[in-house]
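For reference, the structure I am asking about is given below.
The values are calculated or read from the model by the stated rules, or taken from the named source; none is laboratory data. All values reported here derive from a predicted model rather than from experimental measurement. A quick note on method: Cβ atoms are made from the backbone with ideal geometry, for glycine too, and the neighbour counts reach across all protein chains shown. These area figures cover heavy atoms from the full protein model, side chains too; ligands, DNA and RNA do not enter into them. Shrake-Rupley method; radii C 1.70, N 1.55, O 1.52, S 1.80 Å.
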Amino acid sequence: MSRLRRTGVGAAALVLAGLAAGCGIRTTSVPVDAGPAPSRVPCSVSGDEAAAQTTGIAVRVFLVCGSQLDAVDRRSPLQEEKAGGDPVRTAAALLAQLQSEPSQSERQAGFSTAVKGPLTVTGGREGDPADTLRLSRQPEDLTATALSQIVCTFAESSAGAGEDTVVLGGPGDYAPRRYRCTAEVRQRPDSAVPTTAVSTPPVAAPPKPSAS
């Protein structure tokens with residue numbers, strides 16, 4: 001490269017540096033982390049699809065969208081008279097919805113589900129606390145995201161135990177525990193779901209034999 005050409009390149013670099021300083025741009029040789037790119041998925045389904053479904057009862061399930069949990073309104077084939085007052089039937093209908101693949105409009109909106117079958121739910125067994133639901137797999141054996149979906153969906157329905165909680169157990173002899181759907185769980189479903197032990201009802205003492 002000729003001396004004249006090197007001089008011209010150097011002068012151009014000085015001019016560009018001067019323009020950057022004049023525009024208030026501070027040059028740096030350290031890469032700047034601007035954080036993750038904003039999600040482009042809408043995470044919102046048009047109400048037209050739900051309105052078109054006239055059979056069954058209205059239910060709300062939590063699906064994954066943009067690495068968070070968002071509620072989606074659906075129609076369950078379970079009839080209202082069968083679901084009313086029966087938390088196990090309600091839980092079974094909700095669990096079936098969580099295991100079903102999202103509809104085309106839900107997929108286009110960015111929704112997916114981490115709950116994979118086969119997975120069923122039954123009521124508590126003898127000695128379990130009230131409102132206990134037992135899954136066919138141990139809750140701790142599910143992925144964190146799948147458990148978060150189930151907990152938040154159950155907790156915000158008549159299958160829940162109140163105060164955004166649900167009492168869940170598995171098929172084994174492990175005691176059921178109370179799981180809570182919090183804002184952090186909805187924002188980070190891959191994190192651990194808060195859980196606490198629940199007290200079991202006292203066992204009634206056998207009647208004393210009457211004195212003869």
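Before we move on, is Ser136 open to solvent by 10 Å² or more (accessible area, probe 1.4 Å) and either at pLDDT 95 or above or at positive phi (or both)?
Yes, satisfied.
Just name the residue that is farthest from Ala146 (Cα to Cα) out of those in the stretch 100-118 that are open to solvent by less than 50 Å² (accessible area, probe 1.4 Å) and part of a helix (DSSP H, G or I).
Of everything passing the filter in the stretch 100-118, Ser105 is farthest from Ala146 (Cα to Cα).
Shifting gears a bit: Being farther than 17 Å from Arg186 by Cα and not in a helix (DSSP H, G or I) is the filter here; which residues of the stretch 137-161 pass it?
Arg137, Gln138, Ser158, Ala159, Ala161
Do you know which residues across the stretch 116-158 are without any contact (Cβ under 8 Å) to a residue 60 or more places away in the chain, more than 14 Å from Pro176 (Cβ to Cβ) and of a type in the set (Val, Ile, Thr)?
Result: Thr120, Thr143.
Still on this structure: Of all residues in the stretch 119-133, which are surrounded by 13 or more Cβ atoms within 10 Å (Cβ to Cβ) and more than 19 Å from the chain's Cα centre (by Cα)?
Matches in the stretch 119-133: Thr122, Gly123, Gly124, Asp128, Pro129, Asp131, Thr132.
Those residues that are open to solvent by 70 Å² or more (accessible area, probe 1.4 Å) and in a loop (DSSP other than H, G, I, E, B), I need them from the stretch 176-195; list them, please.
The answer is Arg188, Asp190, Ala192.
Tell me the residue from Ala155, Ala159, Ala144 that is under 26 Å from Pro77 (Cβ atoms) and either modelled with pLDDT of 95 or more or open to solvent by 10 Å² or more (accessible area, probe 1.4 Å) (or both), please. Even if it seems obvious, please write down each step before you answer.
Values: Ala159 fails: either modelled with pLDDT of 95 or more or open to solvent by 10 Å² or more (accessible area, probe 1.4 Å) (or both); Ala144 fails: under 26 Å from Pro77 (Cβ atoms).
Exactly one of Ala155, Ala159, Ala144 is under 26 Å from Pro77 (Cβ atoms) and either modelled with pLDDT of 95 or more or open to solvent by 10 Å² or more (accessible area, probe 1.4 Å) (or both), namely Ala155.
Then there is this: Can you tell me which residue in the stretch 54-99 is most open to solvent (accessible area, probe 1.4 Å), limited to those that are on the phi > 0 side of the Ramachandran plot and modelled with pLDDT of 85 or more?
Only one residue fits best here, namely Ser67.
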